[in-house]
Structures are given as structure tokens and as C-alpha cells.
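These notes concern the structure reproduced below.
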Amino acid sequence: MKLIFLPLDGPKSVSVSISPSGEIVEGRSVTLTCSSDGNPPVEYNWIKGTSSVGKGETYTMKEISSVDSGEYKCRSSNEHGEKLSEALTLNVLYPPKSVSVSISPSSETAEGSSVNLTCSSDANPPVQNYTWFKEGGSSPVGSGHSYMAPQRGSYYCEAQNEHGSQKSAAVTVKGVIDGKHNAHQITLKDNKYKCYYHLNRHECNSFIESQCMR
């Protein structure tokens, strides 16, 4: 019988595969598998970025999430040496999260003026559709990343991509509720009316009592 002795050596090649292949969607299970040569048999360590995240030939993320996105490498080592695999990049896809609305210039506006509402969200791929609603109504009032609110009320946006959607909390656009803005007083039909205005002067007249105080 002829004996064959294999030379003792460190790992020369290391490769990483992923299962299942294709798009990686949040919530699914993903397994990385490391393959390497070496004699004696090698040990495997998994690295994400600069941190060690696991050991063994396979590394499984049972419910993958957006925080698992990044570059992964496998380190193969034995007593005769070690070698790192090429990086494998995980790009986890997920529906919109942390949807919020900002308001400019402020939530308080003078009668007749409007404010700009902007919807923001974290999503992968990026949000494809923004839809605006006014509380109390059943139909959308606008679409797009920004919306000019023409009147008082509470507004919210819904962000959507191919993996799902999420609604923001509502923000309230207020009208002038006190006399801190500039005031202008005129006489009309022997009656005095005081009008509050912010950016544009409001004309006082007896037909717009909602904007003026006698």
C-alpha cells in the first residue's frame, strides 16, 4: 500500500457564497457560506466591516434587517497561516421607515398665505411615491416630496416603494391666533376693523369677519 502525504500548508484560496441568491428583502433568512483549502483543516471567522460577527463555515441571519447591510468577509486560518476572502456586499431592501413631515417657514401662518410641507423617509430602494392627505378627508390632496398647504388643518404624508408603505404623524398648520403680528387699522363704512397680517396686508371689509376683529 502506498501512502500519500499531503503537505501542511495555510489556506491559499477563500470564497464566499450567499443563499438564496437574488434580491435580499428585509425579514427573510440569508446564509453566507465560506469555502477554503488548507491542511490541517481551517477555521472560519466572519467579519462585517471591522467587527467579528460569527464563526463557522456558515453564517446565518434568520430575519435580516436594514442594519445588516454592509460588506462581509470570511477569514480562513490554521496553524500555518490565514487568508481573507473578497468582500461580499449585502444590500438589504426594505419599505419606508421613520416617515416624518417638516414645515416651513413655521406652523403658524397669516390668513391667505401658505406653508411648505416636506416629507422625509428612510427606504431602500428610495421612496417612489409621496401622497399627501388632510385629516378629516378621504381623498389625497397632493403628491410629491413637497406640498404647499393652502389652508389651516392637519396634514400627513404616505411614503411608498415597491416593498411597502408607511404614514407620517400629522402636523398642524395654524392660522393667526393672537395679535403678535403687525396690525393695520382702517375705517370702512364708519366702522373700524383691525386686521392681522404676516407677509401680505389683509384688506378689511365687512364681508370677511373671520379675518378681522371689530
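Could you work out how far apart the two model spin labels at Val25 and Thr172 are, taking each label as a point 7 Å from the Cα in the direction of the beta carbon, and quote it in nm?
3.9 nm
Would you please give the FRET efficiency between Lys55 and Asn91, computed as 1/(1 + (r/R0)^6) with r the Cβ-Cβ distance and R0 = 22 Å, to the nearest 0.05?
Efficiency for this residue pair is about 0.35.
Stick to Cα atoms and the Kirkwood definition of Rh, then tell me Rg/Rh for segment 13-78.
Dividing the radius of gyration by the Kirkwood radius yields 0.99.
Take the residue pairs Lys12/Lys48; Lys97/Lys174; Lys12/Lys62; Lys55/Lys83 and return only those whose Cα atoms are more than 24 Å apart.
Correct reply: Lys97/Lys174; Lys12/Lys62.
Going 7 Å from the Cα of Asp9 along its beta-carbon direction, which residues of segment 28-43 have the amide nitrogen within less than 19 Å of the resulting point?
Under 19 Å, as judged by backbone N against the label point of Asp9, lie 35-43 of segment 28-43.
Can you list residues from other chains, or at least 5 along the same chain, whose modelled amide H is less than 5 Å from the amide H of Val92?
For Val92, whose amide H was placed from the backbone, the distant partners under 5 Å are Ser69, Gly70.
In segment 37-109, which GluC sites (Glu not before Pro) are in a loop and have at most 16 other Cβ atoms within 10 Å, using DSSP for the loop call?
For GluC sites (Glu not before Pro) across segment 37-109 that sit outside H, G, I, E and B with at most 16 neighbouring Cβ atoms in 10 Å, the list reads Glu57, Glu63, Glu79, Glu86.
Laboratory data are not the source of any read-out in this text; all were calculated from the coordinates shown. It should be emphasised that the depicted structure is a prediction, and the values quoted were computed from it without experimental measurement. Every residue, glycine as well, gets a Cβ built from its backbone with ideal geometry; the counts of neighbours run over all protein chains shown.
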